[in-house]
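Trainee: Supplied in structure tokens, the structure appears directly below.
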Amino acid sequence: MRKELLAVFSGFPDHHFSEEIVKRLREELKQRKSIVFITACPNDYAQNDDDCDGMHEMFAEQGLSFENHCVIDNRTDPSDAKKLVENADCIFLMGGGVCEQQLDLIRRKNCYEALLDSHAAIFGVSAGSMNMAINTVDFSESMEPFRGLEFTNITVSCHHDPKDTWRYEQTLRMSEDRVVYAMEDMSVFFIKEGRIETVGTIWHVENRELRTIADEDIKELEQDEFRRVFDTIPDQFDKFRPEYSEELFDFLNAVAKIGPGKRVLEIGPGTGQATEPVLRTGCEYHAIELGVHLYRKMKEKFGKLPNFNIVNDDFITHDFGDMKFDMIYSAATIQWIPEETAFTKNFELLKPGGTLAMMFTSAEYRSTNEALYDKIQGLYDRYYKPDIPYKHGAFHYTAAPEYGFTEVEKHEFKGQRVFSADEYVAFSGTHCDHIVIPEPIRTEFFEALRSAVKEAGDRIVFNDTYVLYITKKGTE
């Protein structure tokens, strides 16, 4: 997920935006110095120039012209392409060509990292919109799935038309292995800060069954986007998310007998709040991280260590092959995975006798300053209005035996954190449900929190309880 606006378009047969689309674009495209188009036909220079001018004209006729517009294709020097992407206010992945040729162009022109770090609005149409997904299929070329740019987990089939029997059948074939959203032309997904809105006619296709997209589908997609919300703040996350006590890890490593020769998997390490105490045992450490920015942060911190291994993928769908682990652990992550999937897959991945460890931090500050607590609670009553509710508090850690594990043991360890007002606000901004509070309420809320702590002596103290659940896979 990204904090910036994403727009996944199908196509514009009349070379115009609809009124509904224009309304949203006018709300979002306040800065319009530069729009950069990235072609899916790297060698078709004349067509690329015509398409670039034509698509910019679609914006201009609605009063949304950009001071500069250009196209990146095989003519573009890699250093120039990178700068164009870095300085763009809007980046538009074009269609009309082959998906994988566009992905190859992006990488050859040094644009991939710049795209990941861009603060521009990023749009895609046709092949470009298909490339915005984590996994996609370009059925005009092959039915083999491939990795896209990983901006969203929405796999689309564009230009859907029930009268186009070949395209219709190809979409049904795609749906045998994944949920596909078949988009008719003039339709779009708008994605921002975890919220998803649609315009036009879009179909939900799964197991060869097609129906109109429903509110429940949107909510499910939003929850999936919500899983990626931490990836928008990797540096802030790294600095302010709580770490876990040495006592907890001394206990866990001893119980699970972790050390050289043992293979360990951490699910969703973030930026490594619970990584180092396991890594330094000398075990063969593996991690799987959903967020690409968090993954890059982990590589930056630990990548030079010989026993460190990490993949950027979704635990739910990742194929671990024949790998089995002596311990799998999660620090405030497993609750994002559906309970049945979490326990069933972890059971399969563990060696006989292997350990599953699940931990999280429970923090309280009422006992350290009740007056400050009451004031902050009043601010929550007034301002706490996240666009997307956090629905992952119902994960049952003690349900592991229902899936073949031994009885679950619960252990608690104590700690304390002291924040200044600025540090407290920065820490609050790492909570998933705080990140998606809409503006301007979010800024007003955080300023009110800052003032409350400032007035309380610029100090707020959290008494932490590190909760650890341990269970094992039997030896038989």
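Trainee: Please report the antiparallel percentage of DSSP beta bridges with both residues in the chain, rounded to the nearest 5.
Mentor: In the chain, DSSP labels about 50 percent of beta bridges as antiparallel.
Trainee: Right, something else. When each pair of different Cα atoms in the stretch 72-128 is counted once in the 1/r mean, what is the Kirkwood radius in angstroms, to one decimal?
Mentor: With all distinct Cα pairs of the stretch 72-128 included, I get 11.3 Å.
Trainee: I'd like the FRET efficiency for Asp374 and Glu439, computed as 1/(1 + (r/R0)^6) with the beta carbon distance as r and R0 of 22 Å, rounded to 0.05. Walk me through the intermediate numbers first.
Mentor: Details: r = 27 Å, r/R0 = 1.21.
Efficiency, rounded to the nearest 0.05: 0.25.
Trainee: Multiplying the sequence separation of Glu28 and Phe251 by 0.36 nm and subtracting their Cα-Cα distance, what value in nm do you get?
Mentor: 75.2 nm
Trainee: Still on this model: For Asp319 and Arg195 in the same chain, what is the full-extension length gain: residue separation times 0.36 nm, less their Cα-Cα distance, in nm? Kindly include the intermediate steps, with their values, before the conclusion.
Mentor: Details: separation 124, 0.36 × 124 = 44.64 nm, distance 2.89 nm.
Gain in length upon complete extension: 41.8 nm.
Trainee: Arrange Tyr295, Tyr168, Tyr45 by Cβ neighbour counts within 10 Å, fewest through most, would you?
Mentor: Taking fewest neighbouring Cβ atoms as first place, the list is Tyr45, Tyr168, Tyr295.
Trainee: Next up: Calculate the FRET efficiency for Phe146 and Glu184 from the Cβ-Cβ distance with a Förster distance of 25 Å, rounded to the nearest 0.05.
Mentor: Values: r = 24 Å, r/R0 = 0.96.
With a Förster radius of 25 Å, E is 0.55.
Trainee: Please provide three numbers in whole Å: the alpha-carbon extents of the chain along the principal axes, with the largest listed first.
Mentor: 66, 59, 44
Trainee: Could you line up Trp203, Trp166, Trp336 from fewest to most neighbouring Cβ atoms inside 10 Å?
Mentor: Ordered by Cβ neighbours within 10 Å, fewest first: Trp166, Trp203, Trp336.
Trainee: How big is the equivalent ellipsoid of the stretch 213-370 along its three axes, where each semi-axis is √(5λ) from the Cα gyration tensor, reported in whole Å from largest to smallest?
Mentor: 25, 21, 17
Trainee: I need the calculated FRET efficiency for the pair Glu176 and Lys304, taking r as the beta carbon distance and R₀ as 45 Å, to the nearest 0.05.
Mentor: For R0 = 45 Å, the calculated efficiency reads 0.60.
Trainee: Express in nm, to one decimal, how much length is gained between Lys454 and Glu19 on full extension, taking 0.36 nm for each residue of separation and deducting their alpha carbon distance.
Mentor: On the way: separation 435, 0.36 × 435 = 156.60 nm, distance 4.70 nm.
Computed gain between Lys454 and Glu19 is 151.9 nm.
Trainee: Let me ask another. According to the square roots a ≥ b ≥ c of the eigenvalues of the Cα gyration tensor, what is the shape class of the stretch 263-324, taking rounded for a/c under 1.5, prolate for a/b larger than b/c otherwise, and oblate for the remainder? Could you put the intermediate results ahead of the total?
Mentor: Details: a/c = 1.81, a/b = 1.12, b/c = 1.61.
Note, shape of the stretch 263-324 comes out oblate.
Trainee: Are any of the pairs Lys109/Lys297; Lys301/Lys454; Lys82/Lys301; Lys219/Lys324; Lys324/Lys410; Lys192/Lys410 more than 29 Å apart by Cα-Cα distance, and if so, which?
Mentor: Details: Lys109/Lys297 23 Å; Lys301/Lys454 33 Å; Lys82/Lys301 25 Å; Lys219/Lys324 34 Å; Lys324/Lys410 25 Å; Lys192/Lys410 38 Å.
Pairs exceeding the cut-off: Lys301/Lys454; Lys219/Lys324; Lys192/Lys410.
Trainee: Among rounded, prolate and oblate, which fits the stretch 6-226 when a ≥ b ≥ c are the square roots of the eigenvalues of its C-alpha gyration tensor, a/c under 1.5 means rounded, and a/b larger than b/c means prolate?
Mentor: prolate
Trainee: Translational diffusion coefficient, Stokes-Einstein: compute it for the stretch 234-472 using the Kirkwood radius over C-alpha pairs as Rh, at 37 °C and 0.692 mPa s, and state it as an integer in µm² s⁻¹.
Mentor: 172
Trainee: Next question. At a threshold of 8 angstrom on Cα-Cα distance, excluding pairs fewer than six apart, so keeping six or more, what relative contact order does the stretch 6-226 reach in percent?
Mentor: Relative contact order comes out at 21 percent.
Trainee: Let me ask something else. Taking loop as defined by DSSP and a crowding limit of 16 other beta carbons within 10 Å, which GluC sites (Glu not before Pro) in the stretch 53-154 fit?
Mentor: Glu61, Glu67, Glu141
Trainee: Between the stretch 59-96 and the stretch 198-244, how far is it from one alpha carbon centroid to the other, in angstrom?
Mentor: 27
Trainee: Determine, for Asp177, Asp89, Asp381, the number of other Cβ atoms within 10 Å of each Cβ, and report the residues in order from fewest to most.
Mentor: Ascending Cβ contact count within 10 Å gives the list Asp381, Asp177, Asp89.
A short reminder: the numbers here are calculations on the coordinates, not readings from a lab. From a predicted model like this one, the values you see are computed outputs, not experimental measurements. Cβ sites come from the backbone with ideal geometry, for glycine too, and all protein chains shown count toward neighbours.
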